[in-house]
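The values are calculated or read from the model by the stated rules, or taken from the named source; none is laboratory data. If you're wondering where the values come from, they're calculated on a predicted model, not measured in any experiment. Heads up, the Cβs are rebuilt from the backbone with ideal geometry, glycines too, and the neighbour counts pull from every protein chain shown.
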Amino acid sequence: MNAPFSFSTLPECPKPIAAVLERLPSFPGSLVLATALNAILAPQLPEDVKQLMSGRRFRIHVRDARVSFDFSWNGSRFTPLSRQAQPDLTISASGPDFLRIARRQEDPDTLFFNRRLSMEGDTELGLVVKNTLDALELPVFDLSRFTRGRGARP
């Protein structure tokens with residue numbers, strides 16, 4: 001009998017898979033991420049945060065999968081970018097840790113102090129992003145609506 005799916009036991013990306021993923025072009029993933037951010041986060045962003053982020057370049061780096069996704073905020077929506085030489089802010093963590101943050105199962109400050117989450121670049125921008133995410137209505141990934149009635153156990 002299989003155990004029910006849980007983010008708390010989600011493993012990091014296996015190294016052979018990461019070796020393949022890091023060779024793939026980053027733009028398609030950046031497009032998917034920007035689309036998700038537009039659907040989930042953009043409607044909740046306060047105007048002052050939108051203004052501060054306007055024209056800024058961001059990178060999400062998933063350490064265990066060895067992939068990065070670049071995007072920016074154009075004043076009204078997130079837009080995907082090709083790999084940037086120097087983003088304004090890079091946020092790095094493992095895939096499972098990013099999912100735990102999104103589901104509010106793990107505190108970003110705890111991950112930061114345990115060196116499992118890092119931010120590089122514009123410190124002020126990083127603090128604004130972190131504080132804004134803390135204030136938003138999350139978790140964004142409630143997978144229970146997709147698994148109910150499909151053999152998943154409580």
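Sort through R77, R115, R63 and tell me the only one that's surrounded by fewer than 16 Cβ atoms within 10 Å (Cβ to Cβ) and at pLDDT 95 or above.
R77
Mind telling me which of the residues F113, F98, F69 ends up being among the hydrophobic types (A, V, I, L, M, F, W, C) and more than 19 Å from I40 (Cα to Cα)? Give the steps one after another, and end with the answer.
Working: F98 fails: more than 19 Å from I40 (Cα to Cα); F69 fails: more than 19 Å from I40 (Cα to Cα).
On inspection, the qualifying residue turns out to be F113.
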Task: Output for the range 53-76, where each listed residue is more than 21 Å from P25 (Cα to Cα) and either of a type in the set (D, E) or in contact (Cβ under 8 Å) with a residue 40 or more places away in the chain (or both) - done: M53, R56
Task: Failed criterion for L89 (all others in (1) of a type in the set (A, V, I, L, M); (2) surrounded by fewer than 18 Cβ atoms within 10 Å (Cβ to Cβ); (3) in contact with a Gly (Cβ under 6 Å, 6 or more places away or on another chain) hold) - done: (2)
